[in-house]
1. Are there any pairs with C-beta distances below 6 angstrom linking a residue in segment 95-114 that is in contact (Cβ under 8 Å) with a residue 12 or more places away in the chain to a residue that is of a type in the set (Phe, Trp, Tyr) and assigned to a helix (DSSP H, G or I), with the two at least 6 apart or on different chains, and if so which?
2. Output yes when any residue across segment 86-103 is closer than 30 Å to Phe122 by Cβ and aliphatic (A, V, I, L, M), and no when none is.
3. So, Arg132, is that one touching a residue at least 60 places away in the same chain (Cβ under 8 Å), basic (Lys, Arg), part of a helix (DSSP H, G or I) and within 21 Å of Pro6 (Cβ to Cβ) or not?
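Read-outs throughout are calculated quantities, based only on the coordinates presented, and are distinct from any laboratory measurement. Keep in mind that what you see is a predicted model, and the values were worked out from it rather than measured. Neighbour counts are summed over all protein chains in view; Cβ atoms, including those assigned to glycine, are modelled from backbone coordinates with ideal geometry.
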Amino acid sequence: MKVQCPQCITTFDVPDIYVGKTVKCSKCDYSFLASNKNIYNESGFNNAKDFWTFRTMLTTKLIIVIFPIWCIITGLAALVWVAYADYPIINSKLLKLAIAIFVWLITVISFRITCEKLVVIFRIHDTLEEIRKNK
């Protein structure tokens, strides 16, 4: 059967004898239970009912897509600021570039921390759902 690592979203094949047992992801070495919850489905959801009843969370999948896009857009905005901003106090392009890189790094780090907080909340939810299903 094909399973999906809940940590890094990598999919890989696991022999059926490992269902219900702990397996280790070949990419990130995260250990997780090979259960029905982790069976890889092309849609990314175990079934439509889980999607419409909010049992399957979409936020973590969106964060994986949004974060790199955010980094690129804010990086381009920083470069545009360096090229076109005109401040009489800062007349050195090198100083403006250093400020832009610093502000960009702070922005990316703070957004990453926010994303990590959201992912932790939703992973707690996923773990609680798995515990509930296994009872």
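1. Ala100/Trp81; Phe111/Trp70
2. If we filter segment 86-103 for residues that are closer than 30 Å to Phe122 by Cβ, which is where we start, we get 103.
With the extra rule that they be aliphatic (A, V, I, L, M), the set shrinks to 103.
Looking through segment 86-103, at least one residue is closer than 30 Å to Phe122 by Cβ and aliphatic (A, V, I, L, M).
3. no
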